[in-house]
Protein chains: 2
Amino acid sequence: MREVRLSLFGFGNVGRAVAEVLIGKEALFREKYGLEFRVVSISDTSGTVWLPEGIDLREALMVKENFGRLSAWTNDYEVYNFTPEEAVREIDAEVVIDVTNDRDAWRWHLAALRDGKGLVTSNKPPLAFHYEELVGEAERRNLPYLFEATVMAGTPVIGILRENLLGDSVKRIKAVLNATTTFVLSRMEQGIDFENAVKQAQELGIAERDPRGDLLGTDAGYKATILHCVAFKPITFDEISVKGIVEVTADEVKRALARGRKIRLVATVEEGNVRVAPEEVEGPLAVSSNENVAVIETDLLGELVIRGAGAGPKETASGVVSDIVKASLALRGG
Amino acid sequence: MREVRLSLFGFGNVGRAVAEVLIGKEALFREKYGLEFRVVSISDTSGTVWLPEGIDLREALMVKENFGRLSAWTNDYEVYNFTPEEAVREIDAEVVIDVTNDRDAWRWHLAALRDGKGLVTSNKPPLAFHYEELVGEAERRNLPYLFEATVMAGTPVIGILRENLLGDSVKRIKAVLNATTTFVLSRMEQGIDFENAVKQAQELGIAERDPRGDLLGTDAGYKATILHCVAFKPITFDEISVKGIVEVTADEVKRALARGRKIRLVATVEEGNVRVAPEEVEGPLAVSSNENVAVIETDLLGELVIRGAGAGPKETASGVVSDIVKASLALRGG
């Protein structure tokens, strides 16, 4: 049995889902992988709870549920006001987990790696802007830097591209990577107008309160950038072309339908060329609901389709937790 | 740069495709993985060509092409009459590759592992009958024993189940794993009768001269057995239920079509329960052509679909070569 100390940054929907999986699958991790996880710190925007002996995750979930913030938990635990970089350096953990939306997290990702810590993240901007630096640092230090959940939630498209198909050369990837735009376009197919479709998505918790990142294609663009980095070579979000769905009209949706097709926000990833734009599609790219899909074209295998959940707390936690196990096994081996 | 000595067993369609990829992608393997492959032996049913300095693969392909057997190659190379077990022991290789159809290959797989060699295989019966023994031996010795190409050719369903989704628990897999039966059933949908559909499959090289292994469900059964071993726990082909497509009538195919459905040979894999039988399907399982598909249902992620080539020499070589790279990197790390 090997105990692995984890430091969790972010305790929103995904962070809490990760905590729930860590609680619920203790026995699985012990029996199948010989791993026992000890969460030594949890940070949310209110502060950092830190206990080297390990935090009671059930209690942490209850505090968050009842008070909305970890800093309310002052009777049992010390709450610290670290910056993330301070927290990463101060807290003795083997694997740092970033499930925040911190756009500047690449700084503390680097700090963690330089401090000899493995890193697991579902946070996209660090990779979409600093892939080369981050993955390079991890490789030089032989540390795990894993990010399955940044693209298509737990659906293992990153795993397939990074750890499989090792003899294939990817020619092109076409993918639908954002569930909110799929939802909005699906509603428009049913005759609901754009504004009301967005409102419904927000009411159902599918779109964020500020849905621009989805509707303008930024979220899909981050993901497409990451796919390019993994399948070909490092690139940044600034180098790609992105067009969202805000200009898609009811008429265009109707005309596509009449041809048996659907409009989806499609990412096209070729070597040195990434673009995200609404396209008329049929076949595997015509997904509905919260599914994402990637069609990977390679020289030996031809066309490979992977389709699965692209959003949701539990579905994202699936990728994060898989990476936590993978990072822990890699650190054990290394 | 690290040189890896390979010993290739089987020089039929798949073996030759593997050799072609090893020739064509030398630069890729060197640049991307720091690996240089040296094939020190090739065996076909006529004998074993063995050259510790490394065999010229281009020449080997030419000899096979022109003479149909490696043993014709007597002017340049020694040709040995080893049994596979003798060859495995005698020949100094780090990775043994089995792309034969030898039903008893598990014996020399074991011999290779006991001799400290890694093993890569596309040959199904060893795994379908001796999974526990083989994988157990490899794990005890910390040696790679890789078999991506046994199920769905190079489409990485084994990689997904073995190396990803590490926090998910699989509930069920439903899959179409045999391309010949899909071809025959598709032709029947076009009104061609069973016997003629089989004849066409043979003429196109899709079905073997003796197509019973496909039509009776044995091939799909082997693959379903292997999926169970990977997703749940070891089981053998003798413990599963298999029904092929020979009793499917033109009428049944027609009635399914009328309901917007198709009959496919479907494998259902649940913990402790594997069955292969013709089923009426719609949605992702209704594949055509040489594609295979697996629908993997898990607790966290929900439904994951992976679809891709399920047959073909190049497509199978994709999985074999990916495993050769993976095995070589694992041996380097270990």
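Here are some notes:
- With R₀ fixed at 22 Å, the C-beta to C-beta distance from A:Arg58 to A:Ser289 puts the FRET efficiency at about 0.10.
- Greater than 32 Å apart at Cα, pairs in A:Lys171/A:Lys262; A:Lys326/B:Lys243; A:Lys25/A:Lys199; A:Lys314/B:Lys124: A:Lys326/B:Lys243; A:Lys25/A:Lys199; A:Lys314/B:Lys124
- Whole-number D in µm² s⁻¹ for the protein assembly as shown, Kirkwood Cα-pair radius fed into Stokes-Einstein, 4 °C, 1.567 mPa s: 49 µm²/s
- Extent along principal axes [Cα atoms of the range A:250-296; Å; largest to smallest]: 34, 19, 16
- Pairwise centroid distance, computed over Cα atoms, of the range A:270-334 with the range B:125-142, Å: 30 Å
- The candidates A:Met62, A:Met1, arranged from most to least accessible area with a 1.4 Å probe in the full protein assembly, appear as A:Met1, A:Met62.
- Taking the range B:222-272 and dividing mean pair separation by its residue count, relative contact order in percent (alpha carbons under 8 Å, at least six apart): 49 percent
- Sequence-separation-based contact order of chain A, relative, with Cα cut under 8 Å and 6+ spacing, percent: 20 percent
- Where a label projected 7 Å from the Cα of A:Asn81 along Cα→Cβ would reach, residues of the range A:18-59 with amide N under 11 Å: A:47
- Largest to smallest accessible area among A:Thr83, B:Thr181, A:Thr100 [probe 1.4 Å]: A:Thr83, A:Thr100, B:Thr181
- Pairs of C-alpha atoms in chain A farther apart than 25 Å represent 52 percent of all such pairs.
- Other residues whose C-beta falls under 12 angstrom from the C-beta of A:Val276 contribute a net charge of +2, scoring Lys and Arg +1 and Asp and Glu -1.
- Of B:Glu271, B:Glu280, the residue with the largest accessible area leads and the full order is B:Glu271, B:Glu280 (1.4 Å probe).
- Cα gyration tensor category, rounded, prolate or oblate, for the range A:16-123 with a/c compared to 1.5: oblate
- Charges were assigned to the Cβ only: +1 to each Lys and Arg, -1 to each Asp and Glu. The resulting dipole of the protein assembly as shown about its Cα centre is roughly 660 debye.
- Between A:Arg114 and A:Ala330, the C-beta separation translates, for a Förster distance of 22 Å, into a calculated FRET efficiency of about 0.80.
- When the P(r) is computed for the range A:101-191, the part past 19 Å accounts for 52% of the Cα-Cα pairs.
- Neighbours of A:Arg172 by Cβ distance under 12 Å: Lys/Arg scored +1, Asp/Glu scored -1, total -2.
- Among the DSSP helices (H) of chain B, those spanning at least 18 angstrom by Cα along their long axis with an average Kyte-Doolittle hydropathy of -1.0 or more are B:124-140, B:218-231, B:313-333; this is a geometric and hydropathy rule only.
- Computed Kirkwood radius, in angstrom, where 1/r is averaged over Cα pairs of the range B:162-309: 15.6 Å
- Unit Cα scatterers, Debye sum, the range B:234-330: log10 I(q)/I(0) for q = 0.10, 0.23, 0.24, 0.25 Å⁻¹: -0.39, -1.27, -1.27, -1.27
- The gain in end-to-end length when the A:Asp92 to A:Ile23 segment is fully stretched comes to 22.7 nm, 0.36 nm per residue minus the alpha carbon separation.
- Per-residue average of Cβ from other chains inside 10 Å of B:305-314: 5
- Surface/4 estimate of mean projected area, convex hull on alpha-carbon atoms of the range B:1-58, nm²: 3.9 nm²
- Taking all Cα pairs closer than 8 Å and separated by 6 or more residues, the relative contact order of the range B:162-309 comes to 34 percent.
The values are calculated or read from the model by the stated rules, or taken from the named source; none is laboratory data. Predicted model, so just to flag it, every value in this text is computed and none were measured. Here Cβ is always computed from backbone atoms with ideal geometry, including for glycine, and neighbour counts include all displayed protein chains. Just so you know, the surface numbers come from the protein's heavy atoms only, side chains and all, with ligands and any DNA or RNA stripped out. Shrake-Rupley method; radii C 1.70, N 1.55, O 1.52, S 1.80 Å.
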